[in-house]
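The values are calculated or read from the model by the stated rules, or taken from the named source; none is laboratory data. Everything numeric here is computed off the predicted structure, so don't read it as measured data. Backbone-built Cβ (ideal geometry, glycine too); neighbour counts: all protein chains shown.
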Amino acid sequence: MIEISNLNKTFNVDGNTVQAINNVSLKINDGDIYGIIGYSGAGKSTLLRCINKLEDVDSGSISINGTDITKLKNGKLRAEKKKIGMIFQHFNLLQQKTVFENIAFPLKINKYPKDKIKDRVLELLEYVDLVDKIDAYPSQLSGGQKQRVAIARAISTNPTILLSDEGTSALDPSTTQSILELLKQINNDLKITIVMVTHQMEVVKDICDKVAIVEKGQIVENGTVEQIFTSPKSKTANLFISSLQGDVQEDIIDTSDYDGKIVRLSFLGDSAKKPIVSDLVRKFDVDVNILSGNINKLQQSKVGHLIVELIGKDEEIQNSIDYLENTCKIVAEVI
Ligand SMILES: Nc1ncnc2c1ncn2[C@@H]1O[C@H](COP(=O)(O)OP(=O)(O)OP(=O)(O)O)[C@@H](O)[C@H]1O
Ligand SMILES: [Mg+2]
């Protein structure tokens with residue numbers, strides 16, 4: 001388990017203090033694929049770099065399976081860092097070295113038995129489906145292939161944690177999907193906990209179990225992806241969800257154009273299957289005007305959003321909303 005408690009990190013830039021991480025606490029369980037999403041400058045990379053000890057922290061602790069890594073030095077630190085692999089947006093491969101040499105590099109540093117290095121590299125290349133590129137140089141590979149090499153390198157020493165800092169941000173959508181599939185496979189086969197820093201809600205939706213939303217160095221909201229999709233509380237979470245292609249664009253619905261109440265309905269899993277609109281019309285003296293709707297497939301379930309106008313007496317509208325929330329277990333929010 002990764003347990004971050006009251007973490008603070010500042011940078012000094014030309015005499016000004018920038019608070020990159022502001023009192024962050026977060027628990028990431030073994031086996032999670034945990035997303036960390038936020039806009040540029042929110043502090044995502046800094047948080048990841050603190051977990052990997054690429055940055056020293058000002059205060060707070062980061063405990064990995066009970067060991068506070070912020071306090072470790074030298075040999076003990078190296079031993080802990082061996083358990084954490086990392087991949088980056090721009091792959092960070094050694095340009096002058098072949099694919100084989102890139103993957104063998106951490107094995108050599110970590111004193112892997114010399115006569116077994118070749119077999120280990122081949123095994124990793126088979127896993128990421130790139131055996132035929134063993135002698136190629138990074139410049140001869142596509143973006144997706146480079147990231148596969150970087151992933152093979154990151155998992156070569158059998159880490160228990162893999163950190164990804166925008167690992168798919170430089171890739172086109174179909175290559176992104178294939179890298180996300182590979183990461184999911186790694187999480188499943190090798191039981192590696194994955195922490196994914198991203199600014200793409202698509203990535204969170206497609207691969208993460210849980211997500212933390214970071215704003216100005218603070219976590220403004222976190223929970224399961226289903227929770228955040230069904231009832232986002234922060235403005236930032238709402239904006240990220242509406243950034244999804246085909247999502248309900250509530251910003252473009254001008255509520256003053258309508259006489260009734262505009263309500264955003266969010267339903268999860270089984271509640272998505274219920275014929276709620278016809279139910280409402282039958283049970284209450286209201287009319288329902290559908291303005292917009294969509295459905296998003298998450299890891300374990302589906303989340304639907306529907307924006308409707310409810311027309312009728314205030315009391316009937318309130319009864320409908322109560323019915324939706326209490327009986328249908330749908331989140332109904334008047335906007
Ligand atoms: N080495 C550094 N020196 C000075 N300031 C830094 C340094 N690294 C980060 N910062 C500052 O800390 C804040 C958080 O930066 P960080 O790189 O963690 O953001 P981010 O969420 O990863 O953004 P992006 O999505 O653009 O990668 C920013 O204000 C940034 O300018
Ligand atoms: Mg960053």
Response to the item:
Per the filter on the stretch 1-38, residues assigned to a strand (DSSP E or B) and of a type in the set (S, T, N, Q) are S5, N6, N8, T10, N12, N16, T17, Q19, N22, N23, S25
Worksheet, complete the sentence: Out of (1) assigned by TED's automatic domain parsing to the domain that holds T157; (2) more than 16 Å from ligand 1 (Cβ to nearest atom); (3) in contact with an Asp or Glu (Cβ under 6 Å, 6 or more places away or on another chain), the one I213 does not meet is (2)
Discussion item. Which residue is nearest to L163 (Cα to Cα), if the candidates are limited to the stretch 1-43 and must be acidic (D, E) and either within 16 Å of ligand 2 (Cβ to nearest atom) or surrounded by 15 or more Cβ atoms within 10 Å (Cβ to Cβ) (or both)?
Written reply: D32
Worksheet, complete the sentence: I262 meets each of (1) surrounded by fewer than 16 Cβ atoms within 10 Å (Cβ to Cβ); (2) within 17 Å of N319 (Cα to Cα) with one exception, condition (1)
Practice prompt. State all residues of the stretch 165-190 that are part of a loop (DSSP other than H, G, I, E, B) and within 22 Å of K53 (Cα to Cα); if no residue qualifies, say none.
Written response: E166, G167
Response to the item:
Flagged in the stretch 117-164 as in a loop (DSSP other than H, G, I, E, B) and surrounded by 22 or more Cβ atoms within 10 Å (Cβ to Cβ), in numbering order, are V128, S156
Fill in: Total residues in the stretch 15-45, condition near ligand 1 (Cβ under 9 Å from one of its atoms), polar (S, T, N, Q) and farther than 23 Å from I186 by Cα
2
Worksheet item: Within the stretch 44-66, how many residues are within 16 Å of ligand 2 (Cβ to nearest atom) and either not assigned by TED's automatic domain parsing to the domain that holds L7 or not polar (S, T, N, Q) (or both)?
Response: 8
Practice prompt. Report yes if some residue within the stretch 273-284 is among the aromatic types (F, W, Y), without any contact (Cβ under 8 Å) to a residue 60 or more places away in the chain and not assigned by TED's automatic domain parsing to the domain that holds V220; otherwise report no.
Written response: yes
